[in-house]
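The values are calculated or read from the model by the stated rules, or taken from the named source; none is laboratory data. Values in this document were obtained by computation on a predicted structure and should not be read as measured data. Cβ sites come from the backbone with ideal geometry, for glycine too, and all protein chains shown count toward neighbours.
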Amino acid sequence: MATPSRHRQPKLFALAGPWAERFGKEFFRALPLAPGIYFFRDADGRLLYIGQSKCLRTRIASYRQVDPDRNPKRTLRLIRLTCRIEWELCADAVEALARESALLLKHRPPFNRAGVWAPPQCGLRLRVESGRIELDLTQAPGQSTKSPSEVIGPFPGRLRRAFGPLVRCLFRAMHPTADWWDYPAGLLTAKAGARVGWPLPAGYEGPLAQFRAILGAGELPAPWFTDEPDAEAKGSGHHAEFWAGQAEAIKSFRKANAKRPRAESSQDDT
């Protein structure tokens, strides 16, 4: 049985985009071949959309030809309402992404979907008291007023996925010869929202200082998160494949934290 095909009304005339007549060819030829931010406004000057591109001329000119059969209604409405186009040059594409992110959060244009709300953040709460350490996540980043608790952050939401690997590696750094069965209950399956803790061993200050460095922007201290754990380390708790996965999760979190302006920036799509 033949599958029915989708029939469309044949076009007897070529359809020109509304911008071709509204702005003219010279307008698009005069657009800069440089990275920057662009703004679409309606007849009353109301801001409709903010975008960014490494080449303003190419990106803005791509809106000239619209096809009701291919473009979504949201894009067609944006093109129909736009009566004024403005732009702002940036030094490079990285600056354009960061600038776009800040402007989207400030203005929240109606035709932008991504990047108009700040992503949720969280902090890591650390408590050292009576020879014991406890860690969990909190939705209220910032310094705690309840000593000896401390909240480190804020961090992007990726911290939730890195929480388990972080606390497992901290325990390993404090107990380098521990076997699987030596790990506290729940630590090997710890997820965001769980509170984990254990008695502090002698000499815990060094690993804890390294842990703070991991949460910062400094270099990764060895031998914490090398891809190949110490070959001489004994105990079944030091399987290379498992710890390499923990290292990757932490590196991914650090990368997202270091490049937060780019990570929060919206894509250059309507």
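Observations on the model:
Yes/no matrix, rows are residues, columns are (1) modelled with pLDDT under 85; (2) of a type in the set (Ser, Thr, Tyr); (3) not in a helix (DSSP H, G or I):
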site	(1), (2), (3)
PRO176	no, no, yes
PRO201	no, no, yes
GLU241	yes, no, no
GLN246	no, no, no
ALA256	yes, no, no
ASP269	yes, no, yes
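Results for (1) assigned to a helix (DSSP H, G or I); (2) in contact with a strand residue (DSSP E or B) (Cβ under 9 Å, 6 or more places away or on another chain); (3) loosely packed, with under 15 Cβ neighbours inside 10 Å, shown as yes or no for each residue.
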site: LEU31; (1), (2), (3): no, yes, no
site: ASP44; (1), (2), (3): no, no, yes
site: ASP69; (1), (2), (3): no, no, yes
site: THR75; (1), (2), (3): yes, no, no
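- Pairs where the first residue, in the stretch 245-258, is at negative phi and touching a residue at least 60 places away in the same chain (Cβ under 8 Å) and the second is surrounded by fewer than 19 Cβ atoms within 10 Å (Cβ to Cβ) and hydroxyl-bearing (Ser, Thr, Tyr), C-beta under 6 Å, 6+ apart: none
- Single match in LEU166, LEU135, LEU188 (criterion: part of a helix (DSSP H, G or I), modelled with pLDDT of 85 or more and not assigned by TED's automatic domain parsing to the domain that holds PHE39): LEU166
- Count - residues of the stretch 81-112 that are in contact (Cβ under 8 Å) with a residue 40 or more places away in the chain and in a loop (DSSP other than H, G, I, E, B): 9
- Among the candidates SER149, SER130, residue that is exposed (fewer than 13 other Cβ atoms within 10 Å of the Cβ) and assigned by TED's automatic domain parsing to the domain that holds PRO201: SER130
- The conditions of being touching a strand residue (DSSP E or B) at 6+ places or on another chain (Cβ under 6 Å) and either more than 22 Å from LEU105 (Cα to Cα) or at pLDDT 85 or above (or both) are not met by PHE13.
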